[in-house]
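See below for the structure under consideration.
Please treat every number below as a calculation from the coordinates, not as lab data. Values in this document were obtained by computation on a predicted structure and should not be read as measured data. All Cβ positions, even for glycine, are placed from backbone atoms using ideal geometry, and neighbour counts span all protein chains on display.
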Amino acid sequence: GGALYLTWLRRGNPDADMFCRIPAGGTCTSPHRLALPGSTPEDGTDQPFPVVAPNGAVYVVAGRFIRDDVVVWASTNAGTSFGAPMVVPSGSFTSMTDVGDVVLSRSTYAGESGGANNSFLIATDHVGLGFGLVGASQTSGTTSFTFPGSKGFDLSDVDATSLALDAQGDPVESFDLRTVPRIGFYRYSGSGPITSASSWDGPTLVTDGYVARLAGGPTGLFLLSQDRPTIGSGQLEVDIRKYDPATESFGAPKTLAQVPTSTEYDGGALYEDPVTGEVVVEWPGDAAAGPAGGAVWTSSDGGSVWSGPISLSGSSPIVSGPIALENPPAGYAPLDNSRLVLTTTGQAFVTYRDADGLELAKLGKIGTSAPKNR
């Protein structure tokens, strides 16, 4: 079923970027502590992201809020070992390095000095909403920008971002606003330098809501969110939408569940298989219990029909584990708590934080898919 590639931030002084390769049927026995470019607390990174490329290449990409730069670790042997950290300097990626999402570039875009499979598309939300393209071995050259706020969107209030590719391989970046909860997106137009804001269309409003997640693949681009149907309503709606290339907008929502308003920042996970196009949604039911009490939905026809919910209660045979990756209690982590992946046999795994720390749970065989590690 293929290996799983996991990264996380171990809190300390300084924090440590951790990586673990879990073989099929195995567990995380000896995680790597990735070397930092320095030894002071200011040298630590924010959240690291694993990026899997062809031919056994695995990268870990992390922004540094204090240093205003990006750190990249590279492995040429499928994550068995990593080279020294490479720092993409602040002159190349300035003032926006609260990295919210990272996607491997699958094309060579206009204005890009790198190329497919060896550069990264990065969504940021440090000083407003930003986007950058960083090469795996880049050491100079400005490749990032901040989106201009317009159409009533105050992008200085961005709470979280998500990034995915549409059917043409062009990036779409979603964002959430905190003070007045709204979800919108920008889309690269497909022409002009990708590292120029003028080459992007938007911002476009999707809905009033929280914690958007994007996933793209062979059956289309999808957005998962927790929506407010009416101001002051006692329930929020967990909605999934599909992008329509003809109208360059997301279509009508399909409501998967209703949840209490007290969970507005809990968030779930969205995954689309890069080969079969199967789409999977995981949403927690009880934040303190991680996936236990939550549910999974799947669609194998491009989002027209959804199966589920499949209960993830502790008594269900679909849940096994969890594997403790970090034991110190960390509490439930809002906004970016869950990450989901399927293996080639349809086995689903989810990472999450709960009262016992960072954990990995096996959710069971819920589809037939090819691996993607993210």
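Please give me the summed charge of the neighbours of Asp43: other residues whose Cβ is under 9 Å from its Cβ, Lys and Arg +1, Asp and Glu -1. Overall, the nearby charge balance is +1.
The C-alpha atoms of segment 36-103 occupy a region whose extents along the principal axes are 33, 25, 19 Å, arranged from largest to smallest. For Asp101, the residues whose modelled amide H falls within less than 5 Å of its own, excluding neighbours fewer than 5 places apart on the same chain, are Ala123. Derived scalar couplings between HN and Hα for segment 220-228 equal x, 9, 10, 10, 9, 8, 10, 9, 9 Hz in order, rounded to whole Hz, by the Karplus curve 6.51 cos²θ - 1.76 cosθ + 1.60 (θ = phi - 60°), x for Gly and Pro.
Close amide H partners of Gly209, meaning residues 5 or more places away or on another chain with modelled amide H under 5 Å apart, are Arg182, Ile183, Arg228. Each residue, Asn117 and Ser262, gets one label point 7 Å from its Cα in the Cβ direction; the gap between the two is 5.0 nm. Label-to-label distance for Ala78 and Ala24 is 1.0 nm, based on points extended 7 Å past Cα in the beta-carbon direction. Couplings for segment 179-191, taken from phi via the Karplus curve 6.51 cos²θ - 1.76 cosθ + 1.60 with θ = phi - 60°, read 4, 10, x, 9, 10, x, 7, 10, 9, 5, 6, x, 9 Hz in order; Gly and Pro are left as x.
Between the beta carbons of Asp201 and Arg106, assuming R0 = 25 Å, the FRET efficiency works out to 0.80 to the nearest 0.05. Please report the net charge: other residues with Cβ closer than 15 Å to the Cβ of Thr179, K and R +1, D and E -1. Taking every other residue near Thr179 into account, the sum is -4. Each eigenvalue of the Cα gyration tensor of segment 1-56, multiplied by 5 and square-rooted, gives one semi-axis; in descending order these are 25, 13, 8 Å.
Once the other residues with Cβ under 13 Å from the Cβ of Gly190 are scored (Lys, Arg +1; Asp, Glu -1), what is the net sum? Spelling it out: positives minus negatives among the neighbours equals -3.
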